[in-house]
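Visitor: This is the structure I want to talk about, given as structure tokens.
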Amino acid sequence: MWAWALLPICLTVWATAGIWVVYAMAVSNGSVNITENFPYISTCGSYPPQSCIFGQVLNVGAILVVWICAIRFQQIRDYGCHSHVNSAGLALGFLCALGTSLVGNFQQSNQLETHLAGAFLAFIIGIVYFCIQSYLTFKVKPRHGGCWIIAIRITLTILAIASMILMIVFLNINRKSIAAICEWILAMILFLLFGLFCVDFWHLEGHFFHVKKRTVAIPNEVQASTVTLSL
């Protein structure tokens, strides 16, 4: 059913619009001064009132990430891939969602250590997640979207890795504005990668969660035996 394709699209639109609204609010009320330095995403979301919107945007985004990762995991299993790579991808996707929520709820101006831990999970683990998804896209059949979906997914993942490396390099040499621009580019790429799942979800007919009842081992019943004795 084509409606499932809207789920990753909603995540991309929601997250992209949300953080740029936060940026606009931070610039308009003077929380950041773009004439001095271009701000990091987290800097824009550190101060009220936009910090409230920032937290809500990332919390809703984290829920959507969990939902998308769970559907993608089951879709790959239904195509006959029961490898540990797929299970690892699910775990990494959940960690990425956790990190996104931590970034939104623990602003850098209030709880820097937790915020940085969340940023690590959201960015680094998020990139590793899409490295796994690129591999699974190449391995699993049917491959929705043909060969071009592999090329786009791998290209975007490589660009995400490059943006992360450049952000770290420019941060270490104290070029904060360029590092912040790299962070924004990285975030946009990750949003696009999640949105790209719409190609795969387009082919879903439905999505269900099943609860399996635990099988309880029943001990062997004691059977009475009869012995005939000759007198």
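Visitor: Relative to the longest principal axis of the C-alpha atoms of the chain, give the angle of the C-alpha long axis of helix 84-105, reported between 0 and 90° and rounded to the nearest 10°.
Guide: The angle comes out at about 40 degrees.
Visitor: Of all accessible surface on the chain at a 1.4 Å probe, what whole percent is carbon and sulfur?
Guide: 69
Visitor: I want to make sure I understand the PRE zone here: with the label point 7 angstrom from the Cα of C81 toward its beta carbon, which residues in region 177-197 have backbone N atoms less than 20 Å away?
Guide: Within reach of a label on C81, which here means backbone N under 20 Å from a point 7 Å along Cα→Cβ, region 177-197 contributes 190-197.
Visitor: Per the helix-only calculation at 222 nm, which mean residue ellipticity applies to the chain, given -39500 (n - 2.57) for every DSSP H run of n ≥ 4 and division by its residues, nearest 500 deg cm²/dmol? Can you show the working numbers first?
Guide: Working: 9 runs with 150 residues, N = 231.
-21500 deg cm²/dmol, from helical runs alone.
Visitor: Compute the FRET efficiency between L171 and V13 as 1/(1 + (r/R0)^6), taking r as their Cβ-Cβ distance and R0 = 30 Å, and round to the nearest 0.05.
Guide: That pair, L171 with V13, gives E of 0.55.
Visitor: Can I ask one more? Provide the per residue accessible area, probe 1.4 Å, for the chain, rounded to a whole number of square angstrom. Don't skip to the answer; put the middle values down first.
Guide: Working: 13150 Å² over 231 residues.
In whole numbers, the chain has 57 Å² accessible per residue.
Visitor: May I pose another question? Need the full-extension length gain, V21 to W148, defined as separation in residues times 0.36 nm minus the C-alpha distance. One decimal, nm.
Guide: Gain on stretching V21 to W148: 42.5 nm.
Visitor: Normalising by the residue count of the chain, find the relative contact order in percent from Cα pairs under 8 Å and 6+ residues apart.
Guide: It rounds to 27 percent for the chain.
Visitor: Taking only Cα atoms, what is the 0 to 90° angle, nearest 10, from helix 176-195's long axis to the longest principal axis of the chain?
Guide: 40
Visitor: Then there's this: In degrees, nearest 10, range 0 to 90: what is the angle between the Cα axis of helix 147-172 and the longest Cα principal axis of the chain?
Guide: Tilt relative to the chain: about 50 degrees.
The values are calculated or read from the model by the stated rules, or taken from the named source; none is laboratory data. Predicted model, so just to flag it, every value in this text is computed and none were measured. Positions of Cβ are generated from backbone atoms using ideal geometry, with glycine treated the same way; all protein chains shown enter the neighbour counts. Keep in mind that these areas ignore ligands, DNA and RNA; they rest on the heavy atoms of the full protein, side chains included. Shrake-Rupley method; radii C 1.70, N 1.55, O 1.52, S 1.80 Å.
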